[in-house]
Amino acid sequence: AAKEQGRDCFKVFTNKMLDQAVMLMTMEQEMRRGVQGDEFFLVFQPFVHLHTSELVGFEALVRWRHPTRGLMPPGAFIALAEETGAIIDLGSMVLHKACAAWVAWAEQWPAVRNTLMSVNISGRQFSQFGFLDSIRTVLEKTGMPPERLKLEITETAIMEDAESSAEKLSRIKEMGIALSIDDFGTGYSSMSYLQRFPLDNLKIDLSFIRLMHVSQENMEIVRAIINLAHTLGMEVVAEGVEDASQRRTLQELNCEYAQGYFYARPMPDDEMRAFLAGLDQEHPVVTPLALAAAD
Ligand code: C2E
Ligand code: MG
Ligand code: MG
Ligand code: MG
């Protein structure tokens, strides 16, 4: 009986593994087809000066309009794309679309010309041989000025191979591109490396912003992160700012920039165009959504 049972366990185990392998292969195929078939598109979320609410830039965030599964957020496919390597093609496509969008907007709206387009780069994409060349190609093809591009690389991805990251980040910096460390506080950072990386700013993960008003301790963590960034010569972007009290606290903590639903949600290209058209082109101040709704 024990033998029977053992065999059953084995069977269950292999079936489950097989299911997973099939699922992985299906998703991988669907993703490759999706990149070819233009099923991926970008939404853009503005970020602003915390003190003036003036527009500083946009973060490009990818979405997948799957033919049968519907609209999928990056949380549902980025990890898999990393695992299968599909992230390389997907990532190039994202970079290309983001730069092309910025160039098209800047032609039409003067307010855009001083802004940044910020693009998320996955670990595998960053460590890929030929990453720098792929950026150069996109800049050339789209006409995107390198000074207007910003790359967001997660703390985890940068720290994975800190020595070669430092080298690569310096080369990107030399091209004139701005650099952000993303999701700060969710991974592990080596302080000695952090100061050697040529990073322009640090993005505090939204989980910290959310907890800030839950306890004094969480607030002190946010304060410590901001002070650390400033000590290392970086400016700080708070992500996930959802209300006026979070904004007030972050202002008091001398955080420079904010991004979140309080100001604007991520928007597809057509909504972005309406948003841009509604701005004062000389002083593009973003009216918080909550305040606009209260009018
Ligand atoms: P992230 O880079 O930290 O991006 C911020 C996430 O917070 C976005 O989720 C954004 O929609 C969400 N967010 C912004 N403001 C608020 C707010 O006020 N409240 C709340 N609750 N959420 C807010 P999204 O678009 O689902 O993206 C999730 C993650 O997926 C991103 O986190 C990023 O790590 C990754 N990702 C997105 N697009 C790309 C991409 O093109 N390439 C790569 N490699 N990763 C991407
Ligand atoms: Mg990001
Ligand atoms: Mg982030
Ligand atoms: Mg995050």
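Given a 10 angstrom Cα cut-off, can you work out which residue in A86, A224, A238 is the most mobile in a GNM of the chain?
A224
Could you give the accessible area per residue of segment 135-269, probe 1.4 Å, as a whole number in Å²?
Ligands and nucleic acids excluded, the figure is 46 Å² per residue.
As a test of the definition: which semi-axes, in Å, follow for segment 207-257 when you take the square root of five times each eigenvalue of its alpha carbon gyration tensor? Largest first, please.
Taking √(5λ) for each Cα gyration eigenvalue gives 17, 12, 9 Å.
How would you order 276-287, 155-166 from highest to lowest mean count of nearby Cβ atoms within 10 Å?
155-166, 276-287
Rule-of-thumb check for segment 34-149: C-alpha Rg over 2.2 N^0.38 Å?
On the way: Rg = 14.9 Å, N = 116, 2.2 N^0.38 = 13.4 Å.
Compared with the compact-globule rule of thumb, segment 34-149 sits at 1.11.
Residue by residue through segment 206-222, what is 3J(HN,Hα) from phi via Karplus (6.51 cos²θ - 1.76 cosθ + 1.60, θ = phi - 60°)? Round to whole Hz and write x for glycine and proline.
Going residue by residue, I get 5, 4, 6, 5, 4, 7, 3, 9, 7, 8, 4, 4, 5, 4, 5, 5, 4 Hz, with x marking Gly and Pro.
So what are the ³J(HN,Hα) numbers for segment 16-26, from phi and the Karplus equation (6.51, -1.76, 1.60; θ = phi - 60°), rounded to whole Hz, Gly and Pro as x?
5, 5, 5, 3, 5, 5, 5, 4, 4, 5, 4
Between E160 and E39, what length in nm is gained on full extension when 0.36 nm per residue of separation is reduced by their alpha carbon distance? Walk me through the intermediate numbers first.
Working: separation 121, 0.36 × 121 = 43.56 nm, distance 3.10 nm.
Here the answer is 40.5 nm.
Which percent of Cα pairs goes in each bin when the distances of the chain are cut into 10 angstrom slices starting at zero?
All Cα pairs, binned at 10 Å, distribute as 6, 25, 32, 23, 9, 4, 2, 0, 0 percent.
Using only the C-alpha atoms of segment 86-199, find the volume of their convex hull and express it per residue in Å³.
Each residue corresponds to 98 Å³ of Cα convex hull volume.
What does the charge add up to near T186, with Lys and Arg as +1, Asp and Glu as -1, over the other residues with Cβ less than 11 Å from its Cβ?
Details: positive: K203; negative: E155, D182, D183, D205.
Net charge around T186: -3.
Report, in degrees rounded to the nearest 10, the 0 to 90 angle that the Cα long axis of helix 87-108 makes with the longest principal axis of the chain.
Tilt relative to the chain: about 20 degrees.
Could you state the number of Å between the C-alpha centres of segment 232-295 and segment 79-112?
Result: 21 Å between the Cα centres.
Top mean-square fluctuation among S118, S134, S215, Gaussian network model of the chain, C-alpha springs under 10 Å?
Most flexible of the set in this elastic network: S215.
What percent of all Cα-Cα pairs in segment 169-228 falls in each 10 Å bin, counting up from 0?
21, 46, 25, 8, 1
State the number of lysine pairs found in the chain whose Cα atoms come within less than 24 Å, restricting to pairs 8 or more positions apart or on distinct chains.
Lysine pairs satisfying the spacing and distance rule in the chain number 15.
Given R₀ = 51 Å, FRET efficiency for T186-E282 by Cβ-Cβ distance, to 0.05? List each step's numbers first, then the result.
Working: r = 38 Å, r/R0 = 0.74.
The formula returns an efficiency of 0.85 here.
Between V214 and N254, what is the FRET efficiency for a Förster distance of 30 Å, r being their Cβ-Cβ separation, to the nearest 0.05?
0.90
The values are calculated or read from the model by the stated rules, or taken from the named source; none is laboratory data. Remember, predicted model here, so these are calculated numbers, not experimental data. Backbone-built Cβ (ideal geometry, glycine too); neighbour counts: all protein chains shown. Keep in mind that these areas ignore ligands, DNA and RNA; they rest on the heavy atoms of the full protein, side chains included. Shrake-Rupley method; radii C 1.70, N 1.55, O 1.52, S 1.80 Å.
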